[in-house]
Amino acid sequence: MIRALLKDNLGWILGYSIGTSLYILMIAAIYPSIAETGLIDAKLDSLPPELLEIFQFDPATMMDSVLNILSGNYYGLIFQIVALLFALTAASRLLARPIDSGELMLYLSAPISRSTYVFSVAGIGIAASALVALLNALVLWGSDMVWNLDLNYEAVVALCVSSFFLLTALFAVALFFSTLFNESRKSYLLGAALFGIMVVLMIVSGLSVDYEWLKSFSLFTLFDANAIIQGSSDWVLHCVILALIAVVFFILSSFTFKRRNLTL
Amino acid sequence: MIQLHSLTKKFSEKQGLFDVSFTVEPGTVFGFIGPNGAGKSTAIRHLMGLLKPDSGSATIGSFDCWNDSERVKALVGYLPGEISFPADLTGEDILTLTRRMDKTSPEREKELRALFPIDTSVKVRKMSKGMKQKLAIIRCFMKDAPVYLLDEPTSGLDPLMQERFLELVLKEKDAGKAILMSSHHFPEMEKTCDQAALIRNGRIIMQDSIEGLIANSRKLFHIEFASAEDAVAFAGSLNGHVIGNRVDVSVSTTDELNTLLQKVSQYRVSSFRSAPADLEIVFIHYYAEEGSL
């Protein structure tokens, strides 16, 4: 079953893994020329500090290394959007859409329990998250070999491990929503709305210290790329919390899916 | 082997299943007949453990279909009404998956592939309805199961494949399998089924052996009159259907038959013959009533 599911889902898994890795490769490739010209430094200096605060850019350190660029540009912003799209796609392709289209019957007509199916697709989602994080790390390592970027590998490992747990936790939440409805559109909308709110909360919390508490309602708080690179993040603890969230939502998914009436 | 006992599942006032009971014994085929949306697929979904009954029970073997669905599915070969396979898998991928998940025998698979030839290297997205149906039939019967649940099994098949399918069903019946088959195709039901039930608005309204159903069914008579005027006048008094000088009229009770004979004696009749009794005549007017609702 896992082999068939992997074959059916390989397209989008490779799409996210290779797409994000190519972006990292591009940043790594242009970093030496950016660092030389100092053009982006000048651009950043001209931006209002409030805007930099919202997107967690630190102009003093941002151009110091390729990791600093990535933490502000990729992991600080683009990756969060990619992560929520990844989670929604994974949950939709692995559970919501097969329920909606009736394809799920191909697997559920065999003598397996619904929990077995949920935990199998959870395994595929986890493997896909690992592939994204691993390929991103490998591209960074390869870029360092080619362009001698002088990477801090402790930070690279922390970033990739944290990104893996963030992807897994978001996927687990989206998978839970997929178990609630027979129509994939509904679960997709609910997941997208929740993740959208989480991103907005992160942005609003950066506007003023008065709103900083809003951060605690967003899973993205547990992935602070800037703090990881500066060594001020308790990223191991954050990963443990993300893993626990993922486990709880996988169990909840199994629990609700087992009791659902399915009109396949 | 297959049993629904006072099963009720209410979706709305008219939709769902209401106090439905039937039993399918080993070595028999049970025909499940009814208009679209009558509840046939809902009953089969209960047997596959997809729906939980509000009351009553669905069992296969001695296992409850909701609580012991894994054990039940080990006993069942299932052919769904709507064939929906993942579009990017090939026919071979699907058969390989079935081989592994259901632990099927290669000999049986070979026989079925010869019976329903299909190019398994094609992706599902490129398959016609008939190809998908053949693939689903091979997949269903690859498993040498004691129970088969077949929802509209010949839909999309050409006449030759339909014939082969019916032969396969009869062979499986002779091998002692319990088979539940839903269909709108009366001749195939008549050929294969031992018992049949008509379901409408979620309720079984008629259930008997095929012979019993036909024997107790409405009888259709074709009566040819000397003139079209006579035909129209006669049809008006008995709710008949006029075609030129001919009137088709059906009766179900002895009283109705005697009334018919009394009325017809008042006209000059050219010919009077009864239509051959078949399952279609037993059930077709129920479909018509449904359509007029």
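The values are calculated or read from the model by the stated rules, or taken from the named source; none is laboratory data. Note that the coordinates shown come from a computational prediction; the quantities given were computed from them, not determined experimentally. For neighbour counting, all protein chains shown are included, and Cβ atoms are generated from backbone atoms with ideal geometry for every residue, glycine included.
Hey, can you tell me all the residues within segment A:7-25 that are at pLDDT below 90 and surrounded by fewer than 19 Cβ atoms within 10 Å (Cβ to Cβ)?
Across segment A:7-25, the qualifying residue is only A:LYS7.
From B:ASP68, B:ASP88, B:ASP93, grab the single residue that is within 11 Å of chain A (Cβ to nearest Cβ) and over 18 Å from A:ALA110 (Cα atoms).
The conditions single out B:ASP88.
Quick check: anything in segment B:220-230 within 30 Å of B:PRO26 (Cβ to Cβ), among the small types (Gly, Ala, Ser) and free of Cβ contacts under 8 Å to residues at least 24 places away in the same chain?
Initial filter on segment B:220-230 (within 30 Å of B:PRO26 (Cβ to Cβ)): none.
Checking segment B:220-230: not a single residue is within 30 Å of B:PRO26 (Cβ to Cβ), among the small types (Gly, Ala, Ser) and free of Cβ contacts under 8 Å to residues at least 24 places away in the same chain.
For residues that are aliphatic (A, V, I, L, M) and assigned to a helix (DSSP H, G or I), scanning just segment B:155-168, find the one that is nearest to the chain's Cα centre (by Cα). Quick ask: steps written out before the conclusion?
Taking segment B:155-168 and keeping what is aliphatic (A, V, I, L, M), we get B:157, B:160-161, B:166, B:168.
Subset that is assigned to a helix (DSSP H, G or I): B:160-161, B:166, B:168.
Working: B:LEU160: 19, B:MET161: 17, B:LEU166: 12, B:LEU168: 16 Å.
Of everything passing the filter in segment B:155-168, B:LEU166 is nearest to the chain's Cα centre (by Cα).
Among the residues of segment B:36-73, write down those that are without any contact (Cβ under 8 Å) to a residue 60 or more places away in the chain, closer than 15 Å to B:ILE2 by Cα and among the hydrophobic types (A, V, I, L, M, F, W, C).
Once the filter is applied, which keeps residues that are without any contact (Cβ under 8 Å) to a residue 60 or more places away in the chain, closer than 15 Å to B:ILE2 by Cα and among the hydrophobic types (A, V, I, L, M, F, W, C), segment B:36-73 yields B:ALA58, B:PHE63, B:CYS65, B:TRP66, B:VAL72.
Listed here are the residues, each with its yes/no results for (1) within 26 Å of B:HIS185 (Cα to Cα); (2) within 25 Å of the chain's Cα centre (by Cα).
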{"position": "B:MET48", "(1), (2)": "yes, yes"}
{"position": "B:LYS52", "(1), (2)": "no, yes"}
{"position": "B:ARG71", "(1), (2)": "no, no"}
{"position": "B:ASP93", "(1), (2)": "no, no"}
{"position": "B:THR96", "(1), (2)": "no, no"}
{"position": "B:LYS103", "(1), (2)": "no, no"}
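Taking segment B:185-201 as the region of interest, how many residues are under 15 Å from the mean Cα position of the chain (by Cα), touching a residue at least 60 places away in the same chain (Cβ under 8 Å), crowded, with 17+ Cβ neighbours inside 10 Å and not in a helix (DSSP H, G or I)?
First, pick out the residues of segment B:185-201 that are under 15 Å from the mean Cα position of the chain (by Cα): B:185-200.
Applying the additional criterion that residues be touching a residue at least 60 places away in the same chain (Cβ under 8 Å) yields B:186-187, B:189-190, B:192-200.
Narrowing further to those that are crowded, with 17+ Cβ neighbours inside 10 Å: B:186, B:189-190, B:192-193, B:195-200.
Okay, now just the ones that are also not in a helix (DSSP H, G or I), so B:193, B:195-200.
Qualifying residue count, segment B:185-201: 7.
Looking at this structure, is B:THR23 in the same structural domain as B:ILE179 (by TED's automatic domain parsing) and in contact (Cβ under 8 Å) with a residue 40 or more places away in the chain?
Values: in the same structural domain as B:ILE179 (by TED's automatic domain parsing): yes; in contact (Cβ under 8 Å) with a residue 40 or more places away in the chain: no.
When the stated conditions are applied, B:THR23 does not pass them.
Do you know which residues across segment B:102-147 are in contact (Cβ under 8 Å) with a residue 24 or more places away in the chain, among the basic types (Lys, Arg) and closer than 20 Å to B:MET161 by Cα?
B:ARG108, B:ARG113, B:LYS129, B:LYS132, B:LYS134, B:ARG139, B:LYS143
What tally of residues in segment A:150-172 results from selecting those that are over 12 Å from the mean Cα position of the chain (by Cα) and surrounded by 19 or more Cβ atoms within 10 Å (Cβ to Cβ)? I'd like the intermediate steps shown before the answer.
Going through segment A:150-172, the residues over 12 Å from the mean Cα position of the chain (by Cα) turn out to be A:150-158.
Narrowing further to those that are surrounded by 19 or more Cβ atoms within 10 Å (Cβ to Cβ): A:155-156, A:158.
Summing the residues that are over 12 Å from the mean Cα position of the chain (by Cα) and surrounded by 19 or more Cβ atoms within 10 Å (Cβ to Cβ) in segment A:150-172 gives 3.
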